[in-house]
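The structure under discussion is supplied below as structure tokens; questions concerning it will follow.
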Amino acid sequence: MSKPSVRIGGASGYWGESDMALPQFLREGDLDYIVFDYLAEITMSIMARARSVDESLGYATDFVQAVMAPHLAQIAQQGVKILSNAGGVNPLACAQALRDIIDSQGLELKVAVVLGDDLIHQKDELAALGVTEMFSREPFPSVEKIASINAYLGAFPIAEALSQGADIVITGRCVDSAVTLGACIHEFGWTVSDLDCLAGASLAGHLIECGPQATGGNFTDWHAVADSLVDVGYPIATVFADGSCDISKPKDTGGLVSVGTVCEQLLYELGDPGAYHLPDVICDFTQVTVTQLEAERVRVEGARGAGAPEQLKVSMTWADGWRLGGIWFYVGTNASQRSRSFGESAVARARAKLTTMKAPDFDEVLIEVVGDGSHFGAYSLESETREVAIKVAAKHQDKRALMLLLKELSGVGLAAPAGLAGFAGTRPKPSPVIRLFSFLHDRDAVTVELDNGIERHAFVDSPFDLRTLQQSNGPSVPAVDSDIATVEVPLERLAWGRSGDKGNKANVGVIARKPEYLPWIATSLTEACVSERLAHFMGSSAIARYYLPGISALNFLIDDVLGGGGVASLRNDPQGKTYAQILLQTPVNIPAGLLED
């Protein structure tokens, strides 16, 4: 008989995150699983480069040495199981390194590996098929430039590894929520037909996959948590047999678990909430509700599932030249103008030398100033700025051209406008431009295997209810009475907001602090309004607005808005993290009576 609930701690949201979580969870002492998410698209290319230099690398080494090694004995004693995609592009090496430490400590923990996501061996075949990028429709890049190709795997292989007795499961690229869903499938005995349950546990995984972003990190109301973030608690999902869950955090930890913190994370990096595609299920989150049960605990329920996608998403990374950027400071009257003069003059001199050498121009140059309000575009409130930071960055296929630009930037200090300063130390160096190329691949072209260190066998799943769901029309926002007198207030007074990235796309989620605010927010915050507020980033990018009545929220998905995203971008904010903060300054008209309630 399955358990009535399963408690799962979310310990990591990216490679390099703080190691605070595992001691918290082990001190709590009653968790069934602890899950770690380490992978982003660009992380895969970094790991691929490491593996190309040393075949024993290519995984999150700190997961093995710094996180797991000191706590393995306590993990074994408590019987808590560990699920992680720390394997990166070399999960077998990750597992072996972990087994070696387990053996050295005289423990009996079984480590299993999920394989099959790495498709680098198919690069010539994929190139021959004429695969194009699923969003931009760009052609397949030259195969010699490809760094990694990985399919997003689902949760059922993880559940199978647990059923075969694994205490620790290591995967390569899987969807972030799969480690949580895999635990629930194993504990509750769900099948591919339990669509609502799969969707609910996937949402639980989505809520805890970014660690403390669900417990006060990056929260709009930062002032409510700032004093306690030094000891922020990492999230715990208590998942029930129907797929609903409670979100909480360990006792005596900082941060906050509230409707606001959890709803912000729910919308983070979300596209169409009515058709959220995962390998195991297509989710509909539009009717999800989030309810405060008690201090530091909320209930999340109402997710629905609608079959599984016919194809799996694959992310490929490839090298497209080099980039370089450096930051300088300016102090004094008209600091912004001075800084731009400094940057533009250095770029002009570098370009003149490239022309003399008959060398190609830079692929892209970007000068950004922080401190003059320019990130708010036409809606900047700054009049005069007396101190700013300026970043000058460029891309080129030949890194020698970037070193020439750096020479001009570094060598003009005595001939620049007054007020120039810089932090002394090592000069920046060119780094590879790694671009993301995403596409869909037939499920049956991806062979999944399980390896327990002794034997390896193919994983055979039950047939999915395969469907193709396009972006949904979704529910409509209720209309407002336009004859009611209103007052103008900033959106931040009425809503919480969070933004994030998916490749070169960005999303901005806006959650009404009270349900009755939402129709008025929606009246002001149209697609055209958002396009105007973010016009200096967007250009002609397409934008779509979605409505989530369950949590009284709007989600905006913006195409081609991050300058390439990740390390392909020259932006100060290549992941759209600041977009919500910019949008929260938007004026909204609302009846004064609603504000007084």
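The values are calculated or read from the model by the stated rules, or taken from the named source; none is laboratory data. From a predicted model like this one, the values you see are computed outputs, not experimental measurements. Cβ placement follows ideal geometry from the backbone for every residue including glycine, while neighbour counts extend to all protein chains displayed. Heavy atoms of the whole protein, side chains included, go into the accessibility calculation; ligands, DNA and RNA do not. Shrake-Rupley method; radii C 1.70, N 1.55, O 1.52, S 1.80 Å.
With the dipole of segment 337-417 worked out from charges on the C-beta (+1 for Lys and Arg, -1 for Asp and Glu) around the Cα centre, which of Val347, Val370, Ser380 lies farthest toward the positive end?
Val347
Could you work out the longest stretch of the chain that avoids the GluC sites (Glu not before Pro) located in DSSP loops with at most 12 other Cβ atoms within 10 Å?
Formally, the longest exposed-site-free interval is 109-381.
Between Asp100 and Ala535, what FRET efficiency comes out of the Förster formula 1/(1 + (r/R0)^6) with R0 = 45 Å and r the beta carbon distance, rounded to 0.05?
That pair, Ala535 with Asp100, gives E of 0.25.
With just the Cα atoms defining each centre, how far is segment 120-138 from segment 333-405? Give it in Å.
Value for the Cα centre distance between the two parts: 35 Å.
Also, I was wondering about something else. Could you point to the residue in Gly326, Leu229, Leu491 farthest towards the positive end of the chain's charge dipole, with +1 and -1 charges on the Cβ of Lys/Arg and Asp/Glu respectively?
Final value for the positive-end residue is Gly326.
Moving on to the next point. May I ask you to give the solvent-accessible area per residue for segment 138-215, in square angstrom, as obtained with a 1.4 angstrom probe?
22
Quick check on segment 93-197: what does the Kirkwood estimate of hydrodynamic radius come out to from the alpha carbon pairs, in Å?
Hydrodynamic radius (Kirkwood, Cα pairs) of segment 93-197 is 16.2 Å.
Right, next: With Cβ to Cβ distances under 9 Å as the rule, what net charge do the other residues near Asp501 carry (K, R +1; D, E -1)?
Summing Lys/Arg as +1 and Asp/Glu as -1 gives +2.
At a Förster radius of 45 Å, what calculated FRET efficiency corresponds to the Cβ-Cβ distance of Asp30 and Lys353, to the nearest 0.05?
0.10
I've got another one for you. What distance in nm separates the simple spin-label points at Lys3 and Glu108, each placed 7 Å from Cα in the Cβ direction?
Rounded to a tenth, the inter-label distance reads 2.2 nm.
Give me the distance in nm between label points sitting 7 Å out from Cα along the Cα-to-Cβ direction at Glu144 and Asp398, one decimal.
Placing both labels 7 Å along Cα→Cβ, they lie 1.7 nm apart.
Cβ under 12 Å from Ser339's Cβ, Ser339 left aside: what net charge do those residues give with Lys, Arg +1 and Asp, Glu -1?
Net local charge, Ser339 excluded: 0.
Lys514 label point, 7 Å along Cα→Cβ, cut-off 11 Å on backbone N: hits in segment 570-597?
591-597
Now for a separate question. Roll a 1.4 angstrom probe over the protein heavy atoms and tell me the percent of accessible area of the chain that is carbon or sulfur.
Answer for the chain: carbon and sulfur cover 51 percent of the accessible area.
Note down the magnitude of the dipole of segment 379-525 about its Cα centre, charges +1 on Lys and Arg C-beta and -1 on Asp and Glu C-beta and zero elsewhere, to the nearest 20 debye.
Approximately 840 debye in magnitude.
I've got another one for you. Between Asn473 and Asn589, what is 0.36 nm times their sequence separation minus the Cα-Cα distance? Round to one decimal in nm.
Length gained, Asn473 through Asn589: 39.2 nm.
Just to verify a number: FRET efficiency for Asp442 and Lys577, C-beta to C-beta distance, R0 = 41 Å, to 0.05?
0.75
Considering segment 282-377, what Rg and Dmax in Å follow from its alpha-carbon atoms?
According to the Cα coordinates of segment 282-377, Rg and Dmax are 25.2, 70 Å.
Taking every DSSP beta bridge that has both residues in segment 47-176, what percent is antiparallel when rounded to the nearest 5?
The antiparallel proportion sits near 20 percent.
Measuring from label point to label point, each 7 Å out along Cα→Cβ, what is the Glu596 to Ala378 span in nm?
3.6
If you count only protein heavy atoms with a 1.4 Å probe, what accessible area per residue comes out for segment 481-597, rounded to a whole Å²?
On the way: 4250 Å² over 117 residues.
Value for segment 481-597: 36 Å² per residue.
What is the distance in Å between the Cα centres of segment 485-544 and segment 142-166?
Comparing the Cα centres of segment 485-544 and segment 142-166, I get a distance of 36 Å.
Restricting to Cα pairs below 8 Å that are 6+ residues apart, what does the relative contact order work out to for segment 261-376? Please round to a whole percent.
Computed value for segment 261-376: 15 percent relative contact order.
Quick check for you: with a 1.4 Å probe and neighbouring chains kept, what is the accessible area per residue of segment 63-133, in Å²?
Working: 2900 Å² over 71 residues.
With all protein chains present, segment 63-133 gives 41 Å² per residue.
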